[in-house]
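What follows is a single structure, written as structure tokens, with notes after it.
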Amino acid sequence: MTEQRLVAGVDCSTQATKVVVCDAETGAVLREGRAPHPDGTQVDPAEWWKAWEIASDGLLDGVEAISIGGQQHGMVLLDDSGEVVHPAVLWNDTSSADATVDLVSELGGPGAWADAVGSVPVPSLTVTKLRWIRDADGSAPADAARREAAARAAAVVLPHDWMTHRLAADRSGISGTTTDRGDASGTGWWSPASNSYRPELVEQAFGRPLELPRVAGPAEIVGQTAGGAALAAGTGDNMAAALGLDLQPGDVAVSLGTSGTAFARSAAPTSDPSGLVAGFASATGDYLPLVCTLNAARVLSSTAGLLGMDLDAFNDAALTATGSNGLVLLPYLDGERTPDLPHSTGLVYGLTRATMQPATMARAAVEGLLCGLADAVDALRDQGLPVNRVLLLGGAARSRAVQALASALLGAEVILPEPAEYVALGAARQAAWALSGADTPPTWQVPAGKPEPSAMTEPEAARVRSLYAHVLENTRPVPVS
């Protein structure tokens with residue numbers, strides 16, 4: 001009988017650190033832990049380390065390999081000694097909106113960026129945050145802190161890179177930092193098509209060169225913890241989720257968490273000058289074109305709060321309504337990344353005495369959320385990717401109303417992977433792959449179920465999407481002053 005081998009996967013997300021310990025052969029989850037992160041769009045990375053120590057406490061006995069899946073795009077600036085010089089600026093910090101406009105123009109427009117790195121910068125991308133921190137010119141203490149950080153910075157890494165380096169027993173300053181091609185592809189200075197850095201884009205954004213982490217291979221072991229566990233390369237959270245879901249060609253994952261994402265595997269790199277599709281790389285050696293929205297699950301919870309309902313009552317109300325009857329909610333409650341409207345606000349269109357009802361508003365919120373993601377799925381189709389199945393996951397995927405409307409609005413069969421920590425599972429699967437030395441990741445089963453029965457016909461879905469598109473085109477949300 002073969003002795004069981006254990007691996008750990010970590011999801012260092014926006015909101016929490018989650019750890020799963022799995023059987024390396026089957027992927028069965030044997031232990032798990034969780035600890036929260038502070039709220040905010042700028043966070044001291046030391047908080048991630050504290051959360052890791054709490055979440056992993058008592059879980060790591062016998063673990064032979066560890067991998068970190070981290071929130072994409074976050075900018076962690078280090079000095080020569082490896083000390084953090086500024087709070088990490090996270091993906092959902094839109095302070096760099098003006099810097100983004102400048103950077104896109106300087107290189108020659110969206111098409112030039114899509115050609116260079118496969119993606120057109122939006123405020124989420126790390127490259128824009130470098131320009132923002134460089135350009136601090138005010139007299140406020142925060143501006144002075146940015147200027148000091150820019151002067152001290154010697155290297156820039158991503159959240160998963162920082163955590164991996166922090167775990168390594170033999171770390172020294174900024175020497176030996178590593179990343180992977182998946183997470184590197186979300187920086188704005190690494191090209192999936194050429195599989196290489198574009199360091200001149202770092203210099204353009206920041207004004208001088210910075211040390212960049214070495215891009216490790218998908219199944220490479222990059223170090224060892226003080227406890228003797230091997231460290232896999234790690235990856236970005238979306239790339240780890242694709243690994244955890246065992247995403248196949250023709251599958252599109254639609255994740256409804258803090259943000260909304262739609263992503264699919266591709267055998268070839270993509271380049272979308274419209275900026276809708278980010279041409280990311282995957283954690284396995286191929287590609288992961290992705291569309292991201294800032295607003296997802298919290299659209300439902302915020303609307304439920306407005307209506308004075310808990311989420312169960314909200315779902316009942318949305319399913320009780322016969323439709324939204326012309327009421328449209330553009331759900332840009334935190335600005336928006338796709339479409340690129342970082343300073344926008346939400347918008348309600350079509351209020352009448354007939355539509356000013358709790359059930360109608362609940363239905364419009366669900367439809368607005370799904371219409372934004374349906375546009376994302378269509379953008380992947382426009383890149384030539386087949387959409388045979390949609391794998392619906394994330395907190396809002398548990399909404400009965402979302403399940404009942406998703407298939408018609410997304411235009412594909414909907415599958416519900418069982419609720420699980422897919423980012424952490426994908427990281428664990430990468431750790432098992434690195435531990436095995438095999439050419440491909442181990443095969444782990446992904447249990448799935450069926451959604452609620454459809455509550456919308458295709459003609460109804462077409463009308464809803466047409467009206468949503470009309471409102472978006474003709475009634476742009478007002479920017480926050």
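The values are calculated or read from the model by the stated rules, or taken from the named source; none is laboratory data. This one's a predicted model, so the numbers in the text were calculated from it and none came from an experiment. Positions of Cβ are generated from backbone atoms using ideal geometry, with glycine treated the same way; all protein chains shown enter the neighbour counts. Note: accessible area is taken over every heavy atom of the protein model, side chains too, but ligands, DNA and RNA are not part of it. Shrake-Rupley method; radii C 1.70, N 1.55, O 1.52, S 1.80 Å.
Assigning unit charges at the beta carbon (Lys, Arg +1; Asp, Glu -1) and nothing else, what dipole magnitude in debye, to the nearest 20, does the stretch 159-228 show about its Cα centre? Please report the intermediate quantities before stating the final value.
Values: 6 positive and 8 negative charges, 11 e Å.
My answer is approximately 60 debye.
Once R0 is set to 22 Å, what does the formula 1/(1 + (r/R0)^6) return for the Cβ-Cβ distance between residue 398 and residue 320, expressed as a FRET efficiency to the nearest 0.05? Intermediate values should be presented prior to the final figure.
Details: r = 19 Å, r/R0 = 0.85.
Using R0 = 22 Å, I get an efficiency of 0.75.
Tell me the volume per residue, in Å³, of the convex hull enclosing the alpha carbons of the stretch 6-233.
Values: hull volume 26.1 nm³, N = 228.
Enclosed volume per residue, from the Cα hull, is 115 Å³.
What list of whole percents do you get for P(r) of the stretch 352-475, with Cα-Cα distances grouped in 10 Å bins up to the one holding the largest distance?
With a bin width of 10 Å, the distribution comes to 11, 33, 31, 16, 7, 2, 0.
Can you tell me the Rg and the Dmax, both Å, for the Cα atoms in the stretch 255-334?
Rg then Dmax for the stretch 255-334, in Å: 17.0, 48.
So what is the relative contact order of the stretch 6-233, in percent, for Cα pairs below 8 Å that sit 6 or more residues apart?
Details: 485 pairs, mean separation 44.6, N = 228.
Relative contact order of the stretch 6-233: 20 percent.
Cross-link candidates for residue 18: which lysines have Cα within less than 20 Å, leaving aside residues fewer than 8 places away along the same chain?
Result set, ordered by chain and number: 50.
Pull out the extension gain between residue 172 and residue 306, defined as 0.36 nm times the separation in residues minus the alpha carbon to alpha carbon distance; nm, one decimal. Mind dumping the intermediate values first?
Numbers: separation 134, 0.36 × 134 = 48.24 nm, distance 5.07 nm.
In short, 43.2 nm is gained.
I want to check the label-to-label distance for residue 144 and residue 353. Put each point 7 Å from Cα in the C-beta direction and report it in nm to one decimal.
So the label points at residue 144 and residue 353 sit 6.0 nm apart.
Explain nothing, just the number: relative contact order of the chain, from Cα pairs under 8 Å at least 6 residues apart, as a whole percent. The partial results should precede the final answer.
On the way: 1158 pairs, mean separation 81.6, N = 481.
Reported as a whole number, the value is 17 percent.
Please quote Rg/Rh for the stretch 157-247 to two decimal places, taking the Kirkwood radius as Rh and restricting both calculations to Cα atoms. The partial results should precede the final answer.
Numbers: Rg = 13.7 Å, Rh = 13.9 Å.
In the stretch 157-247, Rg relative to Rh is 0.99.
In the full protein assembly as shown, how much of residue 356 is accessible to a 1.4 Å probe, in Å² to the nearest 10?
The value for residue 356 is about 120 Å².
What percentages, rounded to whole numbers, describe P(r) for the stretch 7-71 computed over all alpha carbon pairs with 5 Å bin width beginning at zero?
That works out to 4, 19, 30, 22, 13, 7, 4, 1, in percent per bin.
When the distances between all Cα atoms of the stretch 47-126 are binned every 5 Å from zero, what whole-number percent does each bin get?
3, 12, 15, 17, 15, 14, 10, 7, 5, 3, 1
Over the chain, with the other protein chains present, what is the accessible area per residue in square angstrom, probe 1.4 angstrom?
Numbers: 18740 Å² over 481 residues.
Value for the chain: 39 Å² per residue.
Taking amide H positions as placed in the peptide plane 1.01 Å from N, state which residues far from residue 180 in sequence (5 or more) or on other chains have amide H under 5 Å from it.
When sequence neighbours closer than 5 places are left aside, the close amide H contacts are 216.
Ranking request for peptides 287-299, 450-462: highest mean number of other beta-carbon atoms within 10 Å first, then the rest in descending order. Before the final figure, lay out the partial values.
Values: 287-299: 24.9, 450-462: 14.8.
Taking the mean over residues of other Cβ atoms within 10 Å, the ranking is 287-299, 450-462.
Based on the Kirkwood radius over alpha-carbon pairs, what is the Stokes-Einstein translational diffusion coefficient of the chain at 10 °C with 1.306 mPa s viscosity, in µm²/s? Before the final figure, lay out the partial values.
Working: Rh = 22.7 Å.
Once the numbers are plugged in, D ends up at 70 µm²/s.
Can you list the DSSP H helices in the chain whose Cα atoms extend at least 27 Å along the helix axis and whose mean Kyte-Doolittle hydropathy is -1.0 or higher? Walk me through the numbers on the way to the answer.
Values: long enough: 358-382 (36 Å, 0.58).
Correct list, ordered by number: 358-382.
Quick one: Debye curve from the alpha-carbon atoms of the stretch 201-294 only, equal weights, vacuum; give me log10 I(q)/I(0) at q = 0.16, 0.19, 0.20 Å⁻¹ to two decimals.
Result of the Debye calculation: -0.84, -1.03, -1.07.
Give me the net charge of residue 64's neighbourhood, meaning all other residues with Cβ under 15 Å from the Cβ of residue 64; Lys, Arg count +1, Asp, Glu -1. Kindly include the intermediate steps, with their values, before the conclusion.
Numbers: positive: 5, 31, 429; negative: 3, 23, 25, 61.
Residues near residue 64 contribute -1 overall.
May I ask you to give the percent of accessible area on the chain that is carbon plus sulfur, with a probe radius of 1.4 Å? Before the final figure, lay out each step's value.
Working: 9380 of 18740 Å².
On the chain, the fraction of accessible area on carbon and sulfur atoms equals 50 percent.
Would you mind getting the Kirkwood hydrodynamic radius of the stretch 100-222 from its Cα pairs, rounded to one decimal in Å? Kindly include the intermediate steps, with their values, before the conclusion.
Working: mean 1/r = 0.0653 Å⁻¹.
About 15.3 Å for the stretch 100-222.
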